[in-house]
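Readers should treat all values here as calculations from the given coordinates under stated rules, not as data from a laboratory. Just so you know, these numbers come straight off a predicted model, no measurement behind them. Neighbour counts run over all protein chains shown; Cβ positions are idealised from the backbone, glycine included.
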C-alpha cells in the first residue's frame with residue numbers, strides 16, 4: 001500500500017514539475033502547481049513516517065510551511081493584480 005501511494009505521489013510531483021514549464025506565464029497557475037507539489041511531498045512524508053516511525057510532527061511542520069507559502073503567494077498575486085491589472089509573469 002505504501003509503495004502504491006508513494007509512487008502516485010511521485011508521479012504527481014513529476015507531472016507538476018512538467019506543468020510548471022508549460023504554464024510559466026501565469027502566476028496563479030504556478031502558485032497552484034506549487035501547492036500540488038507541496039501536497040505530494042506531504043503525502044510521501046506522512047506515509048513514510050506513519051509506516052516506519054511514529055513521529056508525525058515532521059510532516060505537520062511541512063504542511064504548515066506549505067500553508068505559509070500559499071498565503072505569501074496569494075498576497076503577492078493580489079499586489080501584482082492591483083499594480084498591473086493581471087497576473088502575467090512578464091510584468092515581473
Failed condition for residue 46, given (1) part of a helix (DSSP H, G or I); (2) closer than 25 Å to residue 78 by Cβ: (2)
Residue under evaluation residue 67, criteria (1) surrounded by 13 or more Cβ atoms within 10 Å (Cβ to Cβ); (2) without any contact (Cβ under 8 Å) to a residue 12 or more places away in the chain; (3) closer than 24 Å to residue 15 by Cβ, criterion not met: (1)
Checking residue 44 against (1) free of Cβ contacts under 8 Å to residues at least 40 places away in the same chain; (2) under 9 Å from the mean Cα position of the chain (by Cα), the condition it does not meet: (2)
Flag for residue 39 being closer than 24 Å to residue 86 by Cα and surrounded by 14 or more Cβ atoms within 10 Å (Cβ to Cβ): no
